[in-house]
Amino acid sequence: MRSTVWTLLAAFVMTVGLAVVFAVTLAGRWDDMSPADRADHDLTSLTLLGVNLAQLAIGVLGVLVVSGEYSTGMIRATLSAVPRRLPVLWAKSAVFGLLAFALMLVTALVAFLVGQAILSTKGIDLSLADPGAFRGVVGAAFYVTAIGLLGLGLGALLRSTPGAIAGLFGLVLVIPMVVSFLPDSLDGLERYLPSMAGNAVMRALPDPDVLSPGGGFLTLLLYVAVTLAAAAVGLRRRDA
């Protein structure tokens, strides 16, 4: 589908474009910032913040990988060719996951290098050899891939493009806003949401308000595993 190429291109442009915007903005304000404000900035995650928009594009593409076949009825031909059904889900997940990760790894790397080149005008740039920088780049790619696989799982589970997109956006965008209004005693729940787990894997500097990078990776893996497992059960038990 042509939408695949355009969606992947949009993810690249948004990630790199926002890296330029955020880096230029910070470089312009750097001389006027206090030492405390400067220390608060994680220069790795700053140049990777564009993935927060790219995740929506990749997430929608993940939904369409499965729901597109249900909307056209082609899923019947696919499942007739593979009567065991589950290999279809695993194959789609593997191909899409590898494609999304490869694209986003290159995208995150370009965003990081472009952003750091802009920050170098103030002498505050980082290299991939700095602590946490390379992990942050890989973490950004992993995070967006996980959101894409969540979309794929929801598409297979709900079999509806609008429903799966609404569910994905609700999980990534709406629920974090709702949780932010909960009592302070429940603040710890927010760190286990996909968006906060993604923030954790992209950060190079420690932050007490988010999980550790390892905890973020495991949380995202759990979301993907549960969603795909539910999709697998539905695929086995329901008619096409």
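The values are calculated or read from the model by the stated rules, or taken from the named source; none is laboratory data. Model, not experiment: these values are computed from the prediction. In this analysis, Cβ positions are derived from the backbone assuming ideal geometry, glycine residues included, and neighbour counts consider all displayed protein chains. The accessibility values were calculated without ligands, DNA or RNA, using every heavy atom of the protein model including side chains. Shrake-Rupley method; radii C 1.70, N 1.55, O 1.52, S 1.80 Å.
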Margin query: Please determine whether any residue of the stretch 72-86 is open to solvent by less than 20 Å² (accessible area, probe 1.4 Å), at pLDDT 90 or above and not hydroxyl-bearing (Ser, Thr, Tyr).
Written below: no
Check: Is it true that some residue in the stretch 128-137 is under 20 Å from the mean Cα position of the chain (by Cα), aliphatic (A, V, I, L, M), modelled with pLDDT of 90 or more and closer than 23 Å to VAL60 by Cα?
Finding: yes
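Scan the stretch 13-41 for residues that are surrounded by 19 or more Cβ atoms within 10 Å (Cβ to Cβ) and either of a type outside the set (A, V, I, L, M) or within 20 Å of VAL63 (Cβ to Cβ) (or both) and jot them down.
Step one: list which residues in the stretch 13-41 are surrounded by 19 or more Cβ atoms within 10 Å (Cβ to Cβ), which gives 14-16, 18-19, 22-23, 26.
Within the stretch 13-41, MET14, THR15, PHE22 qualify.
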Margin query: Among the residues of the stretch 176-221, what is the count of those that are of a type in the set (A, V, I, L, M), touching a helix residue (DSSP H, G or I) at 6+ places or on another chain (Cβ under 9 Å) and open to solvent by 30 Å² or more (accessible area, probe 1.4 Å)?
Written below: 7
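Any idea which residue in the stretch 219-237 is farthest from GLY155 (Cα to Cα), counting only those that are free of Cβ contacts under 8 Å to residues at least 40 places away in the same chain and more than 20 Å from the chain's Cα centre (by Cα)?
So the first thing to find is which residues in the stretch 219-237 are free of Cβ contacts under 8 Å to residues at least 40 places away in the same chain, and the list is 219, 222, 225-226, 229, 233, 237.
With the extra rule that they be more than 20 Å from the chain's Cα centre (by Cα), the set shrinks to 233, 237.
On the way: VAL233: 13, ARG237: 16 Å.
Among them, the one singled out is ARG237.
Matching residues to (1) more than 30 Å from GLY115 (Cβ to Cβ); (2) touching a Ser or Thr at 6+ places or on another chain (Cβ under 8 Å):
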residue: ALA19; (1), (2): no, yes
residue: THR25; (1), (2): no, no
residue: ASP32; (1), (2): no, no
residue: VAL60; (1), (2): no, yes
residue: VAL66; (1), (2): yes, no
residue: MET74; (1), (2): yes, no
residue: ARG84; (1), (2): yes, no
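Okay, residues lined up against (1) more than 14 Å from the chain's Cα centre (by Cα); (2) under 16 Å from LEU222 (Cβ atoms); (3) not in a helix (DSSP H, G or I):
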{"site": "PRO162", "(1), (2), (3)": "yes, no, no"}
{"site": "LEU173", "(1), (2), (3)": "no, no, no"}
{"site": "VAL178", "(1), (2), (3)": "yes, no, no"}
{"site": "GLY188", "(1), (2), (3)": "yes, no, no"}
{"site": "LEU211", "(1), (2), (3)": "yes, yes, yes"}
Check: Among (1) over 18 Å from ALA232 (Cα atoms); (2) modelled with pLDDT of 85 or more; (3) of a type outside the set (S, T, N, Q), where does ALA94 come up short?
Finding: (1)
